[in-house]
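In what follows, a structure is listed as structure tokens, so that the remarks can point back to it.
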Amino acid sequence: MTWRIGTGIEAKGGDGSVTTDRLRVVIVGGGTAGWMAGAALTRLVSGRCSVRLIESEAIGVVGVGEATLPHIRAFNERLGIAEADFMARTRATFKLGIEFRDWGRIGDSYIHPFGTFGRGSGPIDFHHYWTRLAREGHAPPPLDRLSYACALARAGRFDHPGRDREDLSSTFGYAYQFDALLFAPYLRQLAEEAGAVRTEGMVVNVERDGESGLIRAVTLADGERVEGDLFIDCSGFRSLLLGQTLEEPFEDWSKWLPTDRAVAMPCRTETAVTPYTSAIAMPAGWRWRIPLQHRTGNGYVYASDFIGDDEAARALEQAVEGEPLASPRLLRFKAGRRRRSWVGNCVAIGLASGFLEPLESTSIYLVQQAITALIELFPERGMAASDRDEFNRIIDLEYDRIRDFLILHYHATTRDDSPFWNYVRTMPIPDSLAEKMELWRRRARVVKYREGVFLDASWIAVYLGQGILPEGWDPRADVARADALTRAVADLQAEIDADVGARADHRAFLQRYCPMVEAA
């Protein structure tokens, strides 16, 4: 049997299919997800596809000021993006980690660093020695005092990581905090220079093949019909193609992640431009603080079952640290993901695929991982079921493991000062997370995976930062004498403090390296 998707690909059953032309890729929706996909496809697989992106200026974007994970650096480098230029044009700052305030208990503060604890090498992970000292009553310094990334962040300083792996300055990574409303236009320019074609318009109809169910074309409000071979759904929460047209079911995770709304509001930066994002716990959720070069992004992520929209907006207005630059803007969402992200000839990327709240800055990471997986599995001679299955496996794994990590932040608390915190502290959690927590409590072990975004240091930071001190540790940590370990820890802290003290102030580094460029 011979089947055809539009005119871009002709495939023959049995032994495969034969490509007669470049794959016609149609991206529905712009914003960060759409233009990240457009820029990557045109620059990395341009010989195998044409790219047309459809977006409507009448449809707003969600962007409220983005904080990212270090993985974005590799994505930018693959696209040939110069870091200083990108940061200047998106008015970005550096990000060494995420500060969590009042999560385990009111008054607590810790940093989830983009880096290791200790020197980051050795047969035994550093936290096992630290746990032994703490359990035996030797009162070691807080663990984030023994992380170069945390110390650099706390000091408000920055420098690029060292290249010598023996140096402490090589034991950290970094990400960016940038203006999301400037990021998409920046990527659009890159994509259009590489051949992407943008069409202004709103999709009003989706046409499917009567026999296969594949999407054949979309129709715009002005009547134009756009055919394609591969459709990428970047339509945001609407999930126009995957959710509405193909009716792919949505798995609701709100029983574990009950926050379902946010109010966002930028303000003038009147405090330090910190090289980290802050997540400050609130009575019904948490508040973000993202310092950019020209302003500070603020938002209150909350559960509407525990607080009203007006009350949340007032709480945010009272909490911001500078003059507001706009009124609070309300966003609605639901935690979860589509059961599959690639169905037929439609791939959903970003919010059209699923949503996990921004507590650990994973939104752009999930977009990036979907794009990376799509490029690695990019159709050559047809839409193979095995490629779709592998793509969905990868995306499901990313969502599921991030979900567990986010739940940990809420569940690992002793707070009982509000109905919200009582709920998340006592709620049943997924078995996959319960098993991880039990292994940690017994032996200070972190489950290791070949795939997934958050590695050992991330889990350790949250476990210990929120007061889950293990009962045991790796027995090999008992070999050294306690007094020798105590001296070694003190020497390490002194070395970190001395090295960090010689680094530049974060604001001064930005002004020298990537002073912001005014938008055209």
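Just rank Arg132, Arg22, fewest to most, by other beta-carbon atoms within 10 angstrom.
Lowest to highest Cβ neighbour count: Arg22, Arg132.
Using a Förster distance of 30 Å, how high is the FRET efficiency between Phe378 and Ala82, based on the Cβ-Cβ distance and rounded to 0.05?
Computed FRET efficiency for Phe378 and Ala82 comes out at 0.70.
Just to be sure I understand the model, the point goes 7 Å from the Cα along the line to the Cβ. What's the resulting Ala434 to Ala385 distance in nm?
Inter-label distance under the simple model: 3.5 nm.
What percent do you get for the relative contact order of the chain when only Cα pairs under 8 Å and 6+ apart count?
Taking the mean separation of contacting Cα pairs over the length of the chain, I get 22 percent.
Using Cα centres only, tell me the gap between region 35-61 and region 317-385 in whole Å.
Here the two parts' Cα centres lie 15 Å apart.
Report Rg (one decimal) and Dmax (nearest whole number) for region 261-332, counting Cα atoms only, units Å.
Rg then Dmax for region 261-332, in Å: 11.5, 35.
To the nearest 20 Debye, how big is the dipole of region 261-332 about its Cα centre, given +1 on the beta carbon of each Lys and Arg and -1 on that of each Asp and Glu?
Value, rounded to 20: 240 debye.
Taking neighbour Cβ counts within 10 Å as the exposure measure, how do Val446, Val343 sort from fewest upward?
Going from sparsest to densest Cβ surroundings: Val446, Val343.
What Kirkwood radius, in Å to one decimal, follows from the Cα pairs of the chain?
Roughly 24.4 Å, rounded to one decimal.
Give the residue from Leu187, Gly308, Phe126 lying farthest towards the positive end of the charge dipole for the chain; charges sit on Cβ (+1 for Lys and Arg, -1 for Asp and Glu) and the dipole is referred to the Cα centre.
Phe126
Express in nm, to one decimal, how much length is gained between Arg145 and Val517 on full extension, taking 0.36 nm for each residue of separation and deducting their alpha carbon distance.
Stretched fully, the Arg145-Val517 segment lengthens by 130.4 nm.
Relative contact order for region 261-332: what is it in percent, counting Cα pairs under 8 Å that are at least 6 residues apart?
Relative contact order of region 261-332: 45 percent.
Take peptides 423-430, 232-239 and line them up by average Cβ neighbours within 10 Å, highest first, as a rough protection proxy.
Per-residue mean Cβ counts within 10 Å order the peptides as 232-239, 423-430.
Which residues in region 39-60 have a backbone N closer than 16 Å to a point placed 7 Å from the Cα of Glu224 along the Cα-to-Cβ line?
The answer is 51-59.
Residues of region 325-339 with amide nitrogen under 15 Å from the 7 Å Cα-to-Cβ point of Arg238?
Within reach of a label on Arg238: no residues.
Distance between Cα centroids, region 239-280 to region 446-520: provide it in whole Å.
For region 239-280 versus region 446-520, the Cα centre distance is 27 Å.
Using a simple charge model, +1 on the beta-carbon of Lys and Arg, -1 on the beta-carbon of Asp and Glu, nothing else, what dipole does region 131-234 show about its Cα centre, in debye to the nearest 20?
The calculated dipole for region 131-234 is roughly 860 debye.
Taking 0.36 nm per intervening residue step and subtracting the Cα-Cα distance, what contour gain separates Glu207 from Tyr423 on full extension?
Extra length available between Glu207 and Tyr423 comes to 73.3 nm.
How high is the FRET efficiency between Glu136 and Glu251 when r is their beta carbon distance and R₀ equals 56 Å, given to the nearest 0.05?
0.80
For the pair Leu44/Arg443, report the inter-label distance in nm, with labels modelled 7 Å from Cα in the Cβ direction.
Each label point is offset 7 Å from its Cα along the Cβ direction, giving 3.7 nm.
Mean Kyte-Doolittle hydropathy of -0.5 or higher plus an axial Cα length of 27 Å or more: which whole DSSP H helices in the chain meet both?
Long hydrophobic helices here: 482-501.
Grab the other residues whose beta carbon is less than 9 angstrom from that of Val517, score K and R as +1, D and E as -1, and report the net.
Charge balance near Val517 sits at 0.
What number comes out for the charge environment of Val489, summing +1 per Lys or Arg and -1 per Asp or Glu over other residues with Cβ under 15 Å away?
Net charge around Val489: -1.
Assigning unit charges at the beta carbon (Lys, Arg +1; Asp, Glu -1) and nothing else, what dipole magnitude in debye, to the nearest 20, does the chain show about its Cα centre?
480
Each value in this text was obtained by applying a stated rule to the coordinates, not by laboratory testing. No experiment lies behind these values; they were computed from the predicted model shown. Glycine gets a Cβ as well: all are built from the backbone with ideal geometry, and neighbour counts include every protein chain shown.
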